[in-house]
Amino acid sequence: MSRTFLFILDSVGIGGAPDADRFGDRGANTLGHIAAHVPLSLPHLASLGLGHAALAASGHLPKGFTAETALKGQWGFGVEKSNGKDTPSGHWEIAGVPVSFDWGYFPKTVPCFPKSFTDALIAQAELPGLLGNKHASGTDIIAEFGEDHMESSRPIIYTSADSVIQIAAHEETFGLDRLYEVCQVARELSYDLNVGRVIARPFVGADAGDFTRTGNRKDYSISPPAPTLLDRLTEVGREVISIGKIGDIYAHSGTGREIKAVGNEALFEASLAALPGLAEGGLLITNFVDFDMLYGHRRDPRGYGAALEAFDALLPEALALLKSGDLLVITADHGCDPTWRGSDHTRECVPILTFSPGAAPASFGRRDGFADIGQTIAAHLGIAPLGAGKSWL
Ligand SMILES: O=P(O)(O)O[C@H]1O[C@H](CO)[C@@H](O)[C@H]1O
Ligand SMILES: [Mn+2]
Ligand SMILES: [Mn+2]
């Protein structure tokens, strides 16, 4: 028996996606472009092969990395198979379920949502109307409509390049529970539109100058189309611990004990605290959302670089807690290049870095499909093979 710790660094792509053109993302490279913008020192991730993976995926060694780094882990990189470059697609594919159907997206028009949907939402949720109704960055749109929202009680509704309906409202004047109710109505009304997630985006503050989103964001996701690694483990009685957004992303299916924490550092602390107690044969899975939410979408390469360095500095604490037979996997779900146009995700390859005490450095190369990660974990934990992916063990 053995255990697996899966850390998903939300949006930490390394460029080089063969189908980036299809998304208008040819040349996007989250890690590479951050490293070109700000001095970046990630010695621990580099020792697990991050630079090697980035070079192999994109053809460029990110600035600040060297090919001569002494490796103590195993590395490869993943090419996404799913149609979308969104969070659920990336996470589900990592857990052995690539998304081959087409999500429902909204056009870049104003309004962007079908009138039948917004009419039904206004009627069923008993709203005085809606604001926004377009593609937007979540922080920009609360600055634009937040004051009107506080006066009129009309929620702010918007979308992105992902299959999402996001609803922002003031936590105090509108109320958090009321926002969640509105989101539940929107969720019910949007299954037919094939929308991946409805997301509650509460914020606080007095005026446009100081509106801030809170940690009470909540995602209402559809369920993965087939049983994931998490479901398979749960079915055979293995322990699963899900930290941060993981519960929401997998629609609470197979996610076991869910632990919430806000901020990368608190997510890391929660992971460290849970790590020693994970049962043999179990999986602990954490999503580190700040990279994406606070820096990638906000197009802030400096903040993104600092967050990567902070994560890197914490990593030795996790490595030190691993026992013989444990496997740590560090990967990402998609890219979100903070130097790219717009505010959306970017189609990129992802790093796959692993560490097991005593295991020799090695490379498992290019993996066609993130599902190889789930399949490898299934093999490591000794459960039946998943429906997709090839193990590199
Ligand atoms: O701009 P904000 O509200 O952060 O939204 C971003 O976060 C959404 C969900 O993770 C993505 O689809 C993207 O649009
Ligand atoms: Mn993501
Ligand atoms: Mn995102």
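A compact table of results
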{"read-out": "Part-to-part distance (alpha-carbon centres) for segment 295-340 and segment 216-259, which is given in Å", "value": "21"}
{"read-out": "Hydrodynamic radius of segment 250-308 per Kirkwood, over alpha carbon pairs, in Å", "value": "13.0"}
{"read-out": "Restricting segment 27-129 to GluC sites (Glu not before Pro) in coil, as DSSP defines it, with at most 11 other Cβ within 10 Å", "value": "Glu68, Glu126"}
{"read-out": "Overall form of segment 99-164 per C-alpha gyration tensor (a/c, 1.5; a/b vs b/c)", "value": "oblate"}
{"read-out": "Dimensionless Rg over Rh [segment 175-309; C-alpha; Kirkwood]", "value": "1.01"}
{"read-out": "Virtual spin-label span in nm between Arg341 and Tyr191, 7 Å along Cα→Cβ", "value": "3.9"}
{"read-out": "Where Glu172, Glu258, Glu144 fall by accessible area, highest first, once all protein chains stay in place (1.4 Å)", "value": "Glu172, Glu144, Glu258"}
{"read-out": "Hull shadow area, averaged, segment 7-80 [alpha-carbon convex hull, nm²]", "value": "5.1"}
{"read-out": "Computed over segment 234-343, the ratio Rg/Rh where both radii use C-alpha atoms and Rh is Kirkwood", "value": "1.00"}
{"read-out": "Span-rule helices in the chain, defined as complete DSSP H runs reaching 24 Å or more along the axis (Cα) with Kyte mean at least 0.0", "value": "301-321"}
{"read-out": "Selection from Ser89, Leu130, Phe101 lying farthest towards where the dipole of segment 1-141 points positive, charges on Cβ", "value": "Ser89"}
{"read-out": "Size of charge dipole - the chain - debye, nearest 20, with Cβ of Lys, Arg +1 and Asp, Glu -1, no other charges", "value": "900"}
{"read-out": "Leading residue at positive end of dipole, the chain (Cβ point charges), from Gly256, Gly335, Leu189", "value": "Gly335"}
{"read-out": "Shape of segment 158-240, Cα gyration tensor, a/c cut at 1.5", "value": "prolate"}
{"read-out": "16 Å cut-off, amide nitrogen to a point 7 angstrom out along Ser116 Cα→Cβ, residues in segment 181-209", "value": "188-195"}
{"read-out": "Considering only the chain, percent of DSSP beta bridges that pair antiparallel, nearest 5", "value": "35"}
{"read-out": "Net +/- balance of residues flanking Asp372 in space, Cβ distance below 13 Å, scoring K and R +1, D and E -1", "value": "+1"}
{"read-out": "log₁₀ of I(q)/I(0) at q = 0.11, 0.22, 0.25, 0.26 Å⁻¹ - segment 42-125, Debye sum with one point per alpha carbon", "value": "-0.56, -1.03, -1.08, -1.10"}
{"read-out": "Residue-level accessible surface for Arg22, protein heavy atoms, 1.4 Å, Å²", "value": "140"}
{"read-out": "Kirkwood Rh, angstrom, segment 202-265 [1 / mean 1/r, Cα pairs]", "value": "13.6"}
{"read-out": "Convex hull of Cα atoms in the chain, direction-averaged projection (nm²)", "value": "17.6"}
{"read-out": "Calculated Rg and Dmax of segment 132-179 using C-alpha coordinates, Å", "value": "10.4, 30"}
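The values are calculated or read from the model by the stated rules, or taken from the named source; none is laboratory data. Computed from a predicted structure; not experimentally measured. When we count neighbours, we look across all protein chains shown, and the Cβ atoms used for this are built from the backbone with ideal geometry, even at glycine. When the accessible area is computed, the model is the full protein with side chains, heavy atoms only, and any ligands, DNA or RNA have been set aside. Shrake-Rupley method; radii C 1.70, N 1.55, O 1.52, S 1.80 Å.
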